[in-house]
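Written below as structure tokens is the structure these notes are about.
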Amino acid sequence: MILPVRRQAAPLCLLTAALAALTGCGTPGHPVAARPAAPASTSATTPTTPTTATSPAPPPASAPAAPSASTPAAPSASTPSAPSRPPTLAPGPAGLTPVFRSAPHAAGKTVALTFDADMTADQGARAAAGERFDNPGLIAALRQLKVPATVFMTGRWAEEYPGQARSVGRDPRFEIANHSYSHHAFTGDCYGLPTVPEDRMKADVERAYTAFRKAGVPNAMPYFRFPGGCYDSRALRAVSGTGVTAVQWDVVSGDAFATDADAVARQVLDGVRPGSVVVMHCTRSAAPTTEQVVRTIVPELRRRGYRFVKVSELIAAASTRR
């Protein structure tokens, strides 16, 4: 079924115009209780009547190539296996970028925890002044708990923390996906975020992959999360040449500037269903409770019979049903 494009309830990096100057990996944009409705299917979401948009201008000659689908290094026997070729959804009508939210028909009770590692292109001065847009404690907790996860990283974050990007990217328990280079919005009126011009959208996605490679990330996945979760048919058309599958979510954690870890944990536990994708964040200064939340929800979801997987496994399950 072709469903109309819709804007999702926003994760932590969704800004209000009044707080645009305060953005980081997490910015307030939704109440803790808000949660987007689960889609009717896992098929690519495309508009029945796409908005008119001009074809994106070709990127400069120095623009990076689309993500490589080469085989990742073989993991040890104690860690989850990575796919030899990352699964993606087929393009939608007219070649529009497909959109994935969850895999309710995947076998068994599986759930994917995803973490947005956000840093906008103009926040270097804040990082230089000591603000931390990373969260090593969170990554350590995921490793300790043996939880696979997908990290949606901005290129600017990888430039600021290349050692961490390389460490996560080479750990077969994790996979790194694209959250744009600049963390600027791909639509207008997206919670106060600056907007990427249409003719630069594709180049912005590709620039992030270049930043990952420079940081030493060997096999970033062909998955893209729109900054702020905001997209329309024009944006889907503009990034279609990169070959990515857009990845949204069906469970908003509410960890944006949260101070009550128990409330965030309840939000996740109440929302998770088989095949869910949970959006959380990997920025210490803007999402300080996330590590504690993970340490709470992981044992409880396991007690309920859930198995943690990376987004690639859910997309593979969705692809086999198409």
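Please determine, by comparing only the residues of segment 250-270 that are touching a Pro at 6+ places or on another chain (Cβ under 7 Å) and not aliphatic (A, V, I, L, M), which one is modelled with the highest pLDDT. Ranking the qualifying residues of segment 250-270, first place goes to Asp250. For Val278, the test of being closer than 22 Å to Ile315 by Cα, among the aliphatic types (A, V, I, L, M) and in contact with a Gly (Cβ under 8 Å, 6 or more places away or on another chain) is passed. Give just the number: which of (1) in contact with a strand residue (DSSP E or B) (Cβ under 7 Å, 6 or more places away or on another chain); (2) assigned to a loop (DSSP other than H, G, I, E, B); (3) not β-branched (Val, Ile, Thr) does Tyr191 not satisfy? The failed condition is (1). Per the listing Ala140, Ala128, Ala220, Ala121, the residue uniquely crowded, with 21+ Cβ neighbours inside 10 Å and at negative phi is Ala220. Within segment 282-310, being of a type in the set (D, E, K, R) and either closer than 16 Å to Val111 by Cβ or more than 19 Å from the chain's Cα centre (by Cα) (or both) holds for Arg295, Glu300, Arg302, Arg303, Arg304, Arg307, Lys310. Looking only at segment 289-307, decide whether some residue is small (Gly, Ala, Ser) and farther than 25 Å from Thr154 by Cβ. There is at least one residue in segment 289-307 that is small (Gly, Ala, Ser) and farther than 25 Å from Thr154 by Cβ.
Just one of (1) touching a His at 6+ places or on another chain (Cβ under 9 Å); (2) at negative phi; (3) not aromatic (Phe, Trp, Tyr) fails for Ser285. It is (1).
For first residues located in segment 125-140 and in contact (Cβ under 8 Å) with a residue 24 or more places away in the chain and assigned to a helix (DSSP H, G or I), partners that are surrounded by fewer than 18 Cβ atoms within 10 Å (Cβ to Cβ) and of a type outside the set (A, V, I, L, M, F, W, C) and lie 6+ apart or on another chain with Cβ distances below 6 Å do not occur.
Just wondering, is there one or more residues in segment 235-242 that are among the charged types (D, E, K, R) and in contact with a Leu (Cβ under 7 Å, 6 or more places away or on another chain)? Yes, the conditions are met somewhere in segment 235-242.
Restricting segment 165-182 to residues that are polar (S, T, N, Q) and either touching a Ser or Thr at 6+ places or on another chain (Cβ under 8 Å) or assigned to a helix (DSSP H, G or I) (or both) leaves a set whose member that is farthest from Gln144 (Cα to Cα) is Ser182. Against the conditions (1) modelled with pLDDT of 95 or more; (2) closer than 19 Å to Tyr209 by Cα, Asp122 satisfies every one except (1). Of all the criteria given as (1) under 30 Å from Pro299 (Cα atoms); (2) under 13 Å from the mean Cα position of the chain (by Cα), the one not satisfied by Ser167 is (2). Annotation note: Cβ proximity below 8 Å between a residue of segment 82-105 that is of a type in the set (Lys, Arg) and a residue that is assigned to a loop (DSSP other than H, G, I, E, B) and at pLDDT 95 or above (sequence gap 6+ or interchain) occurs for Arg101/Gln248; Arg101/Trp249; Arg101/Asp250. Residues considered: Arg200, Arg225, Arg173. Of these, the only one that is out of contact with any Gly (no Cβ under 6 Å at 6 or more places or on another chain) and either buried (at least 23 other Cβ atoms within 10 Å of the Cβ) or under 21 Å from Leu89 (Cα atoms) (or both) is Arg225. Assuming Val196 fulfils every condition listed in (1) in contact with a His (Cβ under 8 Å, 6 or more places away or on another chain); (2) within 18 Å of Phe115 (Cα to Cα) apart from one, which condition is it? Here Val196 meets the rest and fails (2).
Scanning segment 263-287 for residues that are of a type in the set (Gly, Ala, Ser) and part of a loop (DSSP other than H, G, I, E, B) yields Gly275, Ser285, Ala286, Ala287.
The values are calculated or read from the model by the stated rules, or taken from the named source; none is laboratory data. For clarity, every value in this text was computed on a predicted model and none was experimentally measured. We place every Cβ from the backbone using ideal geometry, glycine too, and count neighbours over all the protein chains shown.
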